Amino acid sequence: MILIIARHQWLHLRAGLLWWLLLGLGQLLIAWLAFAQFETFAEIAPQLKAAGSNLGATGLVVVPTLNSLVLFLLVAVPLLAMGSLASESRSGRLEAWLTAPVHAYQVILGKALGVWLASLPILLTTLATVALLGLGITVDLRLFALAATGLVVLALWLSCVCLLFSTMLDHPAAALAASLGTLVFLWLLDSFGAADAAWQQAALLPHVRPWLGGLLRSQDVVYFVATGMAALLFASYLLDRRRGML
Amino acid sequence: MEPLLRVRDVGVGRPDNPRLNAVEFSVHDNDSVAILGANGAGKTSLIRLLAGVCAPDRGEVLLNGQPLQRTGIDARRAIGYLPQRVAAYPDLSVDENLRWTGQLHGLRGSALRDAVDQVCAAFDLDGCRRRLATKLSAGMLQRLGLAQAVVHRPRLLILDEPTAGLDPLQLDQVRSLLRSLASDCALVLATHLLDDVEHLCNRVVLLDAGRKRLEHRVTPDSDLLALFRHGDAAETTGNASGAST
């Protein structure tokens, strides 16, 4: 049932204009950023070589472009997820879901997977554009593969977190605002206070940056798994509570 | 005999200002019960409770003797539900909407194909199976909603104002469909149209300001308008719940 709901959600998103806009916009934005970085790199490459610097194309072109891709995902996934349950509620279709012989966790997992599936083509095509740079420059393939995996995981995590807000709020725009607000807060959290403060562990950027830089740490994996699971469990709880199953 | 559905002392909302209060009645197999009441009487709140969309704050709804909210999720296969707004995806075709509802109720493969074929034929939707739901007329959309409610062959069909907003021809079509459905399963429908009650139901529960005012067996000589206007008078003359004629 989870896979059926995921497929339905993916097909529903793909049928909308928003998905195609994000697909096109993602391509345009990342291609422009990647080639702008590449142009700058081409200009300074002789000086770097003369100075004996270790910085290569991967560090100066690929990693900054992937960082921009993270920012794009932080906007694109909430846009895809905002209507997952909020628009079902607003259109009255949620009543049919609540009456159906389907568990809340199946609905939530299916919807989260559906949003993730919809975000994958957007992500993978932009990654392919970045990978095309490999035709002209030497790219560290191990680092690129690890960073790409990190972005795929980040997209899944974003789907789970944004789905929670779509379950909590009955209006897609409110769900979008809450998702973006929370993500911006998590994004900026490490800029405030002492770097070793315990609450800094909740910040998003310190868990994303090492992964994009080619360093896979268990604490980052635990962060994404724990917070993603918590979001899914809470969303299931909210849906069950709505139909009085608790 | 255990009723198919039993509503026991159900209440919704704050006790000092309830939307529904102490409502009780039962639905047996092949019963057709109308929930009648003026706007704001609590019909939709009650229908949503019966369909398992939400839970009552007081009392309970029993399906086959088990509390609906605590029984296994599979028990909900026995229920078919048509909400006030048809639960169709506007960007999916009639066929896709029906397949989707069937899948949600556990139908797969050839069973799903057969079920969709059957409801399309029964509800005269064969000619528009590929048409998007957003392109359907009000009557066709209501037929699609009904087809969605019965695609999994439920034992209990719960309908919230199934004939609201239809023109006379569409009204006649939908009523004859509902009559044919009532022979296969129990029917509970919320309405404020006396014609619906007269044509489709053998029992009526009259709600007034969230309370059950009376329960009455519908006969050809029932004066439903008088019942609707003067429910208390009808109750005192022996048409009250439990003592329905």
Open item on the list: If B:ASP57 meets every condition in (1) of a type outside the set (Gly, Ala, Ser); (2) crowded, with 19+ Cβ neighbours inside 10 Å; (3) more than 17 Å from B:PRO154 (Cβ to Cβ) apart from one, which number is that one?
Closed with: (2)
Task: Number of positions in region B:17-42 that are among the charged types (D, E, K, R) and under 15 Å from B:LEU200 (Cβ atoms) - done: 1
Open item on the list: As an exercise: evaluate B:TYR81 against (1) hydroxyl-bearing (Ser, Thr, Tyr); (2) out of contact with any Asp or Glu (no Cβ under 8 Å at 6 or more places or on another chain); (3) buried (at least 21 other Cβ atoms within 10 Å of the Cβ) and give the number of the one condition it does not meet.
Closed with: (2)
Task: Single condition B:VAL116 does not satisfy, out of (1) under 15 Å from the mean Cα position of the chain (by Cα); (2) modelled with pLDDT of 90 or more - done: (1)
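Select from region B:11-47 the residues that are among the charged types (D, E, K, R), under 16 Å from the mean Cα position of the chain (by Cα) and surrounded by fewer than 24 Cβ atoms within 10 Å (Cβ to Cβ) and list them in ascending order. Can you show your working first?
First pass over region B:11-47, keeping only residues among the charged types (D, E, K, R): B:14, B:16, B:19, B:24, B:29, B:31, B:43.
Next, from what is left, pick out any that are under 16 Å from the mean Cα position of the chain (by Cα): B:29, B:31, B:43.
Answer for region B:11-47, where residues must be among the charged types (D, E, K, R), under 16 Å from the mean Cα position of the chain (by Cα) and surrounded by fewer than 24 Cβ atoms within 10 Å (Cβ to Cβ): B:ASP29, B:ASP31.
Condition first: assigned to a strand (DSSP E or B), aliphatic (A, V, I, L, M) and either in contact (Cβ under 8 Å) with a residue 60 or more places away in the chain or surrounded by fewer than 19 Cβ atoms within 10 Å (Cβ to Cβ) (or both). Now tell me which residues in region B:200-230 satisfy that.
Going through region B:200-230, the residues assigned to a strand (DSSP E or B) turn out to be B:203-208, B:211-217.
This time we only want the ones that are aliphatic (A, V, I, L, M), so: B:204-207, B:214.
Listed by number, the residues that qualify are B:VAL204, B:VAL205, B:LEU206, B:LEU207.
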TODO: Working only within region A:5-39, note down all residues that are farther than 20 Å from A:PHE72 by Cα and not in a helix (DSSP H, G or I).
DONE: A:ALA15
Task: strands (runs of 3 or more DSSP E) within region B:1-85 that include 2 or more residues among the small types (Gly, Ala, Ser) - done: B:5-14, B:17-27, B:32-37
- [ ] Could you pull out the residue among B:LEU181, B:LEU157, B:LEU146 that is in a helix (DSSP H, G or I), within 14 Å of chain A (Cβ to nearest Cβ), closer than 30 Å to B:ARG6 by Cβ and within 15 Å of the chain's Cα centre (by Cα)?
- [x] B:LEU146
TODO: Quickly run through region A:90-116 and pick out the residues that are over 16 Å from the mean Cα position of the chain (by Cα), under 24 Å from B:ALA133 (Cα atoms) and either more than 11 Å from chain B (Cβ to nearest Cβ) or in a helix (DSSP H, G or I) (or both).
DONE: A:ARG90, A:SER91, A:LEU94, A:GLU95, A:ALA96, A:TRP97, A:LEU98, A:THR99, A:VAL107, A:GLY110
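Working only within region B:70-94, note down all residues that are more than 18 Å from the chain's Cα centre (by Cα) and polar (S, T, N, Q). Before you say what the answer is, go through the steps one by one.
Of all residues in region B:70-94, those more than 18 Å from the chain's Cα centre (by Cα) come to B:70-74, B:89-94.
Answer for region B:70-94, where residues must be more than 18 Å from the chain's Cα centre (by Cα) and polar (S, T, N, Q): B:THR71, B:SER93.
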Task: Filtered residues of region B:105-141 (kept if within 14 Å of chain A (Cβ to nearest Cβ) and surrounded by 14 or more Cβ atoms within 10 Å (Cβ to Cβ)) - done: B:HIS105, B:GLY106, B:LEU107, B:LEU112, B:LEU132, B:ALA133, B:LEU141
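Looking for whichever is surrounded by 18 or more Cβ atoms within 10 Å (Cβ to Cβ), closer than 23 Å to A:GLY213 by Cβ and aromatic (Phe, Trp, Tyr) here; the options are A:PHE144, A:PHE192. Which one fits?
Details: A:PHE192 fails: surrounded by 18 or more Cβ atoms within 10 Å (Cβ to Cβ).
None of the others qualify; the one that does is A:PHE144.
Would you mind stating whether B:GLY106 is touching a strand residue (DSSP E or B) at 6+ places or on another chain (Cβ under 8 Å) and within 26 Å of B:HIS28 (Cβ to Cβ)?
Here the answer is no, as B:GLY106 does not meet what is asked.
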- [ ] Identify the residue in region B:182-198 that is more than 17 Å from B:ALA38 (Cβ to Cβ) and buried (at least 18 other Cβ atoms within 10 Å of the Cβ) and, among all such residues, is modelled with the lowest pLDDT.
- [x] B:ALA182
- [ ] For A:SER87, indicate whether it is within 14 Å of another protein chain (Cβ to nearest Cβ) and over 14 Å from the mean Cα position of the chain (by Cα).
- [x] yes
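Of the residues that make up region A:225-234, is at least one within 14 Å of chain B (Cβ to nearest Cβ) and without any contact (Cβ under 8 Å) to a residue 24 or more places away in the chain? Break it down stepwise before answering.
Pass one, region A:225-234, residues within 14 Å of chain B (Cβ to nearest Cβ): none.
The answer is no; no qualifying residue exists.
Answer yes or no: is there a residue in region B:62-70 that is more than 27 Å from B:LEU144 (Cβ to Cβ), aliphatic (A, V, I, L, M) and modelled with pLDDT of 85 or more.
Quick first cut of region B:62-70, residues more than 27 Å from B:LEU144 (Cβ to Cβ) only: B:62, B:64-67, B:69-70.
Now restrict to residues that are aliphatic (A, V, I, L, M): B:62.
From what's left, modelled with pLDDT of 85 or more: B:62.
Checked region B:62-70: at least one residue is more than 27 Å from B:LEU144 (Cβ to Cβ), aliphatic (A, V, I, L, M) and modelled with pLDDT of 85 or more.
So in region B:142-160, with the set limited to residues that are among the charged types (D, E, K, R) and crowded, with 20+ Cβ neighbours inside 10 Å, which one is nearest to B:CYS201 (Cα to Cα)? So that I can check it myself, show each step before the final result.
Restricting attention to region B:142-160, the residues satisfying the condition of being among the charged types (D, E, K, R) are B:143, B:153, B:155, B:160.
Narrowing the set further to residues that are crowded, with 20+ Cβ neighbours inside 10 Å leaves B:143, B:160.
On the way: B:ARG143: 19, B:ASP160: 14 Å.
Ranking the qualifying residues of region B:142-160, first place goes to B:ASP160.
Would you pick out the residues in region B:85-98 that are at the interface with chain A (Cβ under 7 Å from one of its Cβ atoms) and farther than 22 Å from A:ARG241 by Cα? It would help to see each step written out before you state the result.
Within region B:85-98, the first condition is being at the interface with chain A (Cβ under 7 Å from one of its Cβ atoms), and the residues that meet it are B:85, B:87, B:89, B:91.
Once the filter is applied, which keeps residues that are at the interface with chain A (Cβ under 7 Å from one of its Cβ atoms) and farther than 22 Å from A:ARG241 by Cα, region B:85-98 yields B:ARG85, B:TYR89, B:ASP91.
Quick check on my filter: what residues within region B:161-173 are at negative phi and either touching a Phe, Trp or Tyr at 6+ places or on another chain (Cβ under 6 Å) or surrounded by fewer than 23 Cβ atoms within 10 Å (Cβ to Cβ) (or both)? Break it down into steps so the answer makes sense when it comes.
Step one: list which residues in region B:161-173 are at negative phi, which gives B:162-164, B:166-173.
Result: B:THR163, B:ALA164, B:LEU166, B:ASP167, B:PRO168, B:LEU169, B:GLN170, B:LEU171, B:ASP172, B:GLN173.
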Open item on the list: For region A:12-24: of the residues being in contact (Cβ under 8 Å) with a residue 24 or more places away in the chain and away from every other protein chain (no Cβ under 14 Å), which is nearest to A:LEU71 (Cα to Cα)?
Closed with: A:LEU22
TODO: Go over the candidates B:GLY72, B:GLY59, B:GLY102 one by one and state the one that is touching a His at 6+ places or on another chain (Cβ under 7 Å), among the small types (Gly, Ala, Ser) and either within 14 Å of chain A (Cβ to nearest Cβ) or touching a residue at least 12 places away in the same chain (Cβ under 8 Å) (or both).
DONE: B:GLY102
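The values are calculated or read from the model by the stated rules, or taken from the named source; none is laboratory data. Bear in mind the structure is a predicted one, so any value in this text is a computation, not a measurement. A quick note on method: Cβ atoms are made from the backbone with ideal geometry, for glycine too, and the neighbour counts reach across all protein chains shown.
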